[in-house]
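The values are calculated or read from the model by the stated rules, or taken from the named source; none is laboratory data. Remember, it's a predicted structure, so these values are computed and weren't measured experimentally. Glycine also receives a Cβ, built like all others from the backbone with ideal geometry; neighbour counts cover every protein chain displayed. Please note that ligands, DNA and RNA were not included when accessible areas were found on the heavy atoms of the full protein model with its side chains. Shrake-Rupley method; radii C 1.70, N 1.55, O 1.52, S 1.80 Å.
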Amino acid sequence: MTRPLFVAITLLVSGWTGTGLAAAAAQDPGLAAGIRQVDEGDFEGAVTTLGPVADRLAVKGGHDAAQACLYLGVAQLALDQRDAAGARFREALGHEPSLRLGPDRFSPKVIAAFEDARREREAEARAAAPETRAETAKDHTGRKVLLAGAAVAVGGGILYAVGRGDTNPPGGGEVTFTGARFGTPVLDCPNGTTGTPLAVAIDLNAQNDTGREVTLGVASATLFIVASPAVPSEVGFASTAPATLAPITLRPGTTTLRVQTTLTCANGAGDASRFNEWRGRVTLTAGAAQTLETADTMRVNLP
């Protein structure tokens, strides 16, 4: 396996070579193995190891999930996969917003890229906040009212908080979601690909019977394997990555929504061709949380 040398990006020594402190502290064996590969400069191997580990740990979230995304991002940055690394750094911050990288353990290049990801994440939150984007709606009397909301990134999605008042007030109608289906029914994960995010879209219908505009709440998406003929043990594997929702403001009537997320592609060079089938589960809020599962499946081909 080729191991490119990236002196400027590797972790600074100080006890972080070989079985470094982070690898020793990791409770998950796969996470420990991936961190060790990063410490040893095996960035390609680390991407292959940590991609599935990060997706698996994302279901529970927390410190280990953040560490898996962090070290996967470090490996991707070393391989000059800057966009993928930035996405993983943002995901790490979603699991652990207070996460900071010290110069005694990480190189200036890694720290700079990680802080760029933090600023991007904070900018996304500010962009949807009312201080920078005022939104108006009409209440049940027809008067315009201000929807005082905010947006912050959380775990597997973006939280659009509606602020004061319920979006489904008693007697004022309600918002319902139906018809979840994949907007990307077939994806291909090319042979020899490691750690590449594939764009996934889930479409659904929103019915707003409140008589006014409504700003939606949490948008999160979980993808899970329901069939894998060649590797049955993969059934049940779940992936949760950051998700976005558009539009977030519903006018009265029916609107088609799209939830967009990613699925990390890992297909070892020379592996036998196969495929697996995935379903998606989406959670949205408009007052109360509503969870929908896709009626169809998405096929991922691994040629």
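Here are the numbers for the structure shown:
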read-out: Checking Pro242 against (1) assigned to a strand (DSSP E or B); (2) under 25 Å from Ala84 (Cα atoms); (3) in contact with an Asp or Glu (Cβ under 9 Å, 6 or more places away or on another chain); (4) not aliphatic (A, V, I, L, M), the condition it does not meet; value: (1)
read-out: Residue check for Ala206: part of a strand (DSSP E or B) and closer than 27 Å to Leu72 by Cβ; value: no
read-out: Test: residue in the range 65-88 that is in contact with a Cys (Cβ under 6 Å, 6 or more places away or on another chain) and under 17 Å from Ala113 (Cα atoms); value: yes
read-out: Among (1) at pLDDT below 65; (2) closer than 29 Å to Gly62 by Cβ; (3) touching a Gly at 6+ places or on another chain (Cβ under 6 Å) - the single one Ala201 does not satisfy; value: (1)
read-out: Among the candidates Asp80, Asp55, residue that is out of contact with any helix residue (DSSP H, G or I) (no Cβ under 7 Å at 6 or more places or on another chain), assigned to a helix (DSSP H, G or I) and modelled with pLDDT under 90; value: Asp55
read-out: Yes/no for Arg164 being of a type outside the set (Gly, Ala, Ser) and modelled with pLDDT under 85; value: yes
read-out: Criterion: modelled with pLDDT of 80 or more and either within 15 Å of the chain's Cα centre (by Cα) or open to solvent by 30 Å² or more (accessible area, probe 1.4 Å) (or both) - qualifying residue of Ala127, Ala112, Ala134; value: Ala112
read-out: Hits in the range 32-67 (condition: open to solvent by less than 30 Å² (accessible area, probe 1.4 Å), free of Cβ contacts under 8 Å to residues at least 60 places away in the same chain and either of a type in the set (Asp, Glu) or farther than 22 Å from Ser98 by Cα (or both)); value: Gly34, Val38, Asp39, Gly41, Asp42, Phe43, Gly45, Ala46
read-out: Filtered residues of the range 245-296 (kept if open to solvent by 20 Å² or more (accessible area, probe 1.4 Å) and touching an Asp or Glu at 6+ places or on another chain (Cβ under 7 Å)); value: Thr249, Arg251, Thr256, Arg258, Thr264, Arg279, Arg281, Gly287
read-out: Filtered residues of the range 193-212 (kept if of a type in the set (Gly, Ala, Ser) and open to solvent by 40 Å² or more (accessible area, probe 1.4 Å)); value: Ala199, Gly211
